[in-house]
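Worksheet: the structure to be examined is printed underneath.
Each value in this text was obtained by applying a stated rule to the coordinates, not by laboratory testing. Just so it is clear, the structure is predicted and the values come from calculations on it, not from any experiment. FYI the Cβ positions are ideal-geometry reconstructions off the backbone, even for glycines, and counts take in every protein chain you see.
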Amino acid sequence: MTALVRAELSKTLTTRTLWGFLAGGVAFATLNAVIVGAASGTLDSVTEKQEALSGLPVLLLVWGLVGAAGEYRHRTAAPAALVARHGRGTLLAARMTAYAVAGLALGVLVSAAAVAVALPLLADQPGPALTTGQVTGVVAANLVAGVLSAVLGVAVGALVRNQVVGVVTMLVVNFAVLPLVSGASETLGNLTPFGASSVLSGMTHDTTLTTAAAGLVLAGWTAAVAAAALAGERRRDLA
Amino acid sequence: MSDDTSTTPPLLVADGLTKRYGRTTAVDGLSFTVRPGAVTGFFGPNGAGKTTALKLLVGLARPTAGTAFLDGAQVRTTVSDPTRVGVHIEPCGAHPGRTARAHLRALATMAGLPHERVAEVLDTVGLTEAAGRRVGGYSMGMRQRLGLAAALLGDPQLLVLDEPANGLDPRGIRWLRTFLRARAAAGRTVLLSSHVLSEAAQTVDDVVVVDRGRLVHQGPLAELERRGTTLEDVFFELTGGVAA
């Protein structure tokens, strides 16, 4: 299993996809910090200020999805399965683990960018300054959201096996369906993976779900979809 | 070429393999054997079910019915072992944005093989100089060589190749023929599919012909030669084609 995780990690590092998503993540975090910290008026509460430190976990979800579905698009799933000395379920679990590890590293870099840009801007805002604990809390929650999102993305990618279909579906759900659901019922919206991820990362605050509960909701979704992907991977042909 | 048809147990057995996709039957009760230490050619017209049958034989696809056995063990119930079987059939590929060396290194790590094997197989297939280039820039022949390199990582007992000569230039085809004959001479086993019958006739010991998913012929190539016929004649006769 360790060898499989190492191999999957090396695969993530030897294409330009990871670096593209890292650049996108840093760019988004910087832009978000500037918009929230300097351009959105007065921030006088802790939760408003914490929003400036948010990353974009959905980006890691898309990264995991693109990577996992790419195994089928580029026909690399079969040669991996043929040499892995383990079942396909174990191989997919190793892929999820590798994306969790790489996703954590990616999340750390994105959060570092967010903190570096946001804190000086927030210092000019009225109200209580963010304590070290509050900054650490929002960064930790973003890292958890990022790791879970990356694993969820791999699971969705393994189920869908088509990058375009997967990414378009994810974007439609996130940017079209979720607002409608949340508009009808905030609680229901928060219980979706995207809603929970948004609460966990601090993008949505002062809502019906606590950060810890949002983490549990997102973890539940991730576990359920991962279980479905693992079961499917064991049964489906590589064709 | 080897002409040994003795009672050595077969290395690979297809026993009533059937694969259906909805109403389409791609492979229909296919049974044949592959003996060790020989090159077995797997022939059939387009759409005859060759690639699907190969996928069933190596465990990439699950049969609707029937069983494949490798060295007496059911393929479906065993985990992959690159020292036993090396495979290059569609859908085996490589990420276009990754270098050939990185692709093979990842596979070697997965297989628990030393990274020295990567350099060895790159050298074997003649890709050493191009190993640092991204696969997206490779020609079809180079991709074939890379696929073969991946199949050879574990120096397997059985090599399963789907149309391995596709995209190779005449020098590459000659190299492949010599390489596969050398493996058979060393006691290794090869199962390959091909459309190029005249070329395959110079490479194979045994012949398996399928048509519409069914076995229509199995036997040593030497037997055809003794009957004064050719692989091409047999192919057209059994698959309903028209000889030139």
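Key figures for this structure:
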| item | result |
| --- | --- |
| Over chain B: helical MRE at 222 nm, DSSP H runs n ≥ 4 each giving -39500 (n - 2.57), nearest 500 | -9500 deg cm²/dmol |
| Mean separation of Cα contacts under 8 Å, 6 or more apart, over the residue count of segment A:2-235: relative contact order % | 29 percent |
| Calculated Rg and Dmax of segment A:103-239 using C-alpha coordinates, Å | 17.0, 59 |
| Percent of C-alpha pairs per 5 Å bin, chain B, short to long | 1, 6, 14, 18, 19, 17, 13, 8, 3, 1, 0 |
| In segment B:102-201, the trypsin sites (Lys or Arg not before Pro) that fall in loop regions by DSSP, at most 16 other Cβ within 10 Å | B:ARG133 |
| Where Rh is the Kirkwood radius over Cα pairs, Rg/Rh for chain A | 1.00 |
| Dmax and Rg, reported as Rg then Dmax, of segment B:138-244 (C-alpha, Å) | 14.6, 43 |
| Alpha-carbon centroid distance for the pair segment A:116-168 / segment A:75-97, whole angstrom | 28 Å |
| Neighbour-count order for A:VAL5, A:VAL62, A:VAL83, A:VAL108, fewest beta carbons within 10 angstrom listed first | A:VAL108, A:VAL5, A:VAL62, A:VAL83 |
| Fraction of beta bridges assigned by DSSP in the protein assembly as shown that are antiparallel (%, nearest 5) | 55 percent |
| Mean Kyte hydropathy of 0.0 or more with a Cα span along the axis of at least 27 Å, helices from DSSP in chain A | A:17-38, A:88-122, A:132-160, A:211-235 |
| Rg/Rg_ref, the protein assembly as shown, where Rg_ref = 2.2 N^0.38 Å and atoms are Cα | 1.18 |
| Sequence-distant lysines (8 or more away, or on other chains) whose Cα lies within less than 28 Å of A:LYS11 | B:LYS55 |
| Candidate lysines - alpha carbon under 19 Å from B:LYS50, same-chain residues fewer than 8 apart omitted | B:LYS19 |
| Sorted by Cβ neighbour density within 10 Å, fewest at the top, the residues B:ILE89, B:ILE173 | B:ILE173, B:ILE89 |
| DSSP bridge orientation in chain B - percent antiparallel, rounded to nearest 5 | 55 percent |
| Estimated translational D of segment A:2-59 in µm²/s (Stokes, Kirkwood radius over Cα pairs; 20 °C; 1.002 mPa s) | 159 µm²/s |
| Helix-only mean residue ellipticity at 222 nm for chain A, each DSSP H run of n ≥ 4 adding -39500 (n - 2.57), per residue, nearest 500 | -25500 deg cm²/dmol |
| Anisotropy class of segment B:90-131 from Cα gyration tensor, a/c 1.5 cut | oblate |
